[in-house]
Every structure is written in C-alpha cells, then in structure tokens.
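The values are calculated or read from the model by the stated rules, or taken from the named source; none is laboratory data. Given the structure is predicted, the values throughout are model-derived calculations rather than measurements. Heads up, the Cβs are rebuilt from the backbone with ideal geometry, glycines too, and the neighbour counts pull from every protein chain shown.
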Amino acid sequence: MSYSCEHCGRVFETNLSKGGGIDFCSFCDKLNIAILDDAPDIVFGDFIIDEAIGAGGHSIVVKAKHKPSGLDYALKLFFTKCEDDNNVSQEFLQEVETASQLVHENIVRIFEGGVHENIMYIVMEHVSGLNLGEYLELYVQMEPKEAVAAMIHACNALDYVWSNFLMIHRDVKPHNIIVTKEGAVKLCDFGLTSNHEMAVQESRNILGTPFYLSPEMIQTDVYQDNRSDIYSLGCTLYHLVVGLPPFNYGGLLEVVNARIENPPPDPRGEFSECPEALAQIIMTMMATESDDRYATAFEVSQDLLRFLKDEDPLLVDPNRERANQ
C-alpha cells in the first residue's frame with residue numbers, strides 16, 4: 001500500500017493507510033504514525049497507543065495504556081530515526097535520566113525513556129487538560145489576574161529546577177504550560193535541551209514559535225541561565241494578557257531580531273486595559289539585557305503575588321548584587 005509521508009510528502013510503500021501503525025519513510029527516514037478507527041491496536045513495547053494528543057517539529061505525543069498496569073501515560077515519540085550506533089541516543093538517554101529527577105507539582109513528570117525499534121521515546125505523566133496555546137486559540141486572551149495566577153505556578157516550577165539542578169528549560173511558551181481539569185498548572189518538556197537547541201539553530205523549526213525566544217537563545221556563544229527562561233515566561237504572560245505575542249510584526253527574521261534590537265514592548269500599547277503594575281513586571285521580565293531582568297523566577301513570583309494583592313511591584317534595583325553571579 002502507498003502512503004504519503006507526513007514530513008517530506010513523498011509516497012512510500014507501507015501498510016499504514018490500510019491498518020494504521022508506525023513506520024519510517026523510506027525516503028527521509030522520518031517516523032510516520034497512523035491511528036485509524038476500527039484498526040488493530042498499535043502496540044509499542046509495553047504500551048497500546050490510543051490517540052494522538054499533540055505534535056511538534058521533532059515529535060508526536062500520544063496517549064497510551066501501559067499493558068502490565070492498565071494505567072494511562074503520555075508517550076513522546078521522536079520523528080528522527082535512531083540507529084543503534086548513533087551517539088545521539090546516548091545523549092538523549094542522559095537527558096531523560098536527568099529530567100526524570102524533576103519531581104514537582106507544577107512539572108509534568110517524566111518517568112523513563114529509551115529507544116525501541118529505532119524510535120526514541122519518553123514515558124510521561126498523562127495530564128488531562130488544556131495547554132495555554134490551545135487556550136489562546138479558543139479564547140484569544142486571558143483575564144490579567146487569571147494569567148498572573150497561572151504564571152506564579154510556572155515560576156515555582158522554574159525556580160525549583162534552577163535552585164536544585166541549575167537547569168533551564170529553554171522552550172517556555174504557552175503550548176508547554178498545561179492547566180489540568182482540576183485547575184493545576186504544569187510545565188512540560190523540561191530537560192531535553194539538545195532538541196530545543198536544534199530547534200533554534202534550524203529556522204524552519206522555530207517558525208511559529210519565535211515569539212518566546214530570549215535574545216540569548218538567538219545569539220551564538222552567549223551565556224544562558226535561568227533569566228533566559230524568565231524572558232520567555234514574560235513573553236508568554238504578555239501574550240496571555242494582550243491576546244497577541246510580543247514583536248508580532250514582519251517576517252521570521254524581523255520577529256527574531258526585534259528582541260535584540262528593540263526594547264521590550266509595553267503591553268498597554270496593544271491592550272490599554274493592562275494594569276500599569278503588570279506592564280512593568282512584564283517589561284522587566286522581558287528586558288533585552290539579562291542583567292536588567294529579575295535574577296530568579298522566585299523574585300518574579302513575589303512581584304506577581306504583590307500585583308494580585310494590589311501592591312506595588314519591587315521590580316529590579318539596578319545597583320543590587322546579582323543573586324546568581
């Protein structure tokens with residue numbers, strides 16, 4: 001049977017179109033997955049794949065049932081074929097091992113990962129809810145105090161990881177923040193830095209998500225620390241409050257270069273109802289120079305809490321000692 005590759009578009013011979021399943025394109029070697037109604041179960045190791053719940057430039061996330069336990073998990077399956085002698089797999093396994101140590105109520109848990117039939121995969125906590133990217137597609141923007149409340153939980157996750165592991169996320173954006181049906185906020189995709197760095201280096205992969213990149217991520221050989229994540233979280237908060245991402249003009253290069261060449265935009269320019277105190281917090285999070293931002297996500301959370309209490313934010317004292325220098 002013939003099937004059109006979801007990545008390169010070329011037609012290759014496979015049984016995907018008839019019975020569903022998983023197969024690599026014979027031309028580009030990228031993973032294709034077809035989940036069809038009334039088709040046989042798709043078995044992947046100890047899991048039975050149920051449905052696709054998300055996809056990105058490098059991978060697809062599916063809901064799957066663990067056969068031995070009967071529990072539901074989320075599986076992330078990477079599109080790039082992993083050969084047995086590919087040293088990328090070792091780097092990947094090290095990243096998964098590190099990410100599995102992150103245990104926090106505001107972080108989607110990663111349990112394990114590996115390579116099965118040349119497919120790199122990660123087993124994650126299955127979270128029922130809506131990511132903030134989906135929320136924005138449905139509702140355009142969020143009431144400021146609700147947005148702030150969600151960002152406080154994201155700050156807690158970022159602060160936990162930086163304080164305990166000196167690790168940064170590198171890909172903070174609305175689609176990586178999930179609000180569960182119970183109202184909990186969880187940050188996902190922690191720890192897989194090499195994939196995120198690859199996404200920045202290849203312009204085709206940042207198309208659609210350049211709005212949340214920090215200036216440090218765009219420039220080569222520039223030191224990155226937790227303040228890079230703070231910038232991206234500020235962009236996310238801007239989008240939630242305003243209803244549009246920051247620097248939302250021109251083409252890809254204009255969007256990317258604007259965060260280096262221009263000061264952070266005032267949210268009130270696009271949304272006049274944004275409170276002044278919140279606008280100041282957002283612009284401090286998005287300061288072009290990392291030294292002009294909050295030093296830690298904990299500091300951000302404290303100013304966000306002050307905003308919720310109708311208190312003035314402290315922002316950043318330019319003369320203070322830096323907490324992580």
Could you list, in sequence order, the residues of region 232-253 that are in a helix (DSSP H, G or I) and in contact with a helix residue (DSSP H, G or I) (Cβ under 8 Å, 6 or more places away or on another chain)? 232, 233, 234, 235, 236, 237, 238, 239, 240, 241, 242, 252
Sole exception among (1) modelled with pLDDT of 90 or more; (2) surrounded by fewer than 16 Cβ atoms within 10 Å (Cβ to Cβ); (3) assigned to a helix (DSSP H, G or I) for residue 272, by number: (3)
Based on what the data block shows, is residue 275 out of contact with any Asp or Glu (no Cβ under 8 Å at 6 or more places or on another chain) and touching a residue at least 24 places away in the same chain (Cβ under 8 Å)? yes
Taking region 240-266 and keeping residues over 21 Å from the mean Cα position of the chain (by Cα) and among the aromatic types (Phe, Trp, Tyr) leaves 249
Could you list, in sequence order, the residues of region 244-271 that are of a type in the set (Phe, Trp, Tyr) and touching a residue at least 40 places away in the same chain (Cβ under 8 Å)? 271
Scan region 74-93 and tell me whether some residue there is in contact with a Phe, Trp or Tyr (Cβ under 7 Å, 6 or more places away or on another chain) and more than 22 Å from residue 33 (Cα to Cα). no
Assuming residue 229 fulfils every condition listed in (1) closer than 27 Å to residue 317 by Cα; (2) in contact with a Pro (Cβ under 7 Å, 6 or more places away or on another chain) apart from one, which condition is it? (2)
Condition set over 14 Å from residue 99 (Cβ atoms) and crowded, with 20+ Cβ neighbours inside 10 Å, scope region 160-174, selection farthest from the chain's Cα centre (by Cα): answer is 162
Which pairs do you get when a residue that is assigned by TED's automatic domain parsing to the domain that holds residue 133 and under 16 Å from residue 187 (Cα atoms), found in region 162-174, comes within reach of a residue that is assigned to a loop (DSSP other than H, G, I, E, B) and among the aromatic types (Phe, Trp, Tyr), reach meaning Cβ atoms under 6 angstrom, with the pair 6+ apart or on two chains? 169/190
If we scan region 121-133, do we find a residue that is closer than 23 Å to residue 55 by Cβ and among the charged types (D, E, K, R)? yes
The condition of being among the charged types (D, E, K, R), surrounded by fewer than 20 Cβ atoms within 10 Å (Cβ to Cβ) and modelled with pLDDT of 95 or more holds, among 303, 292, only for 292
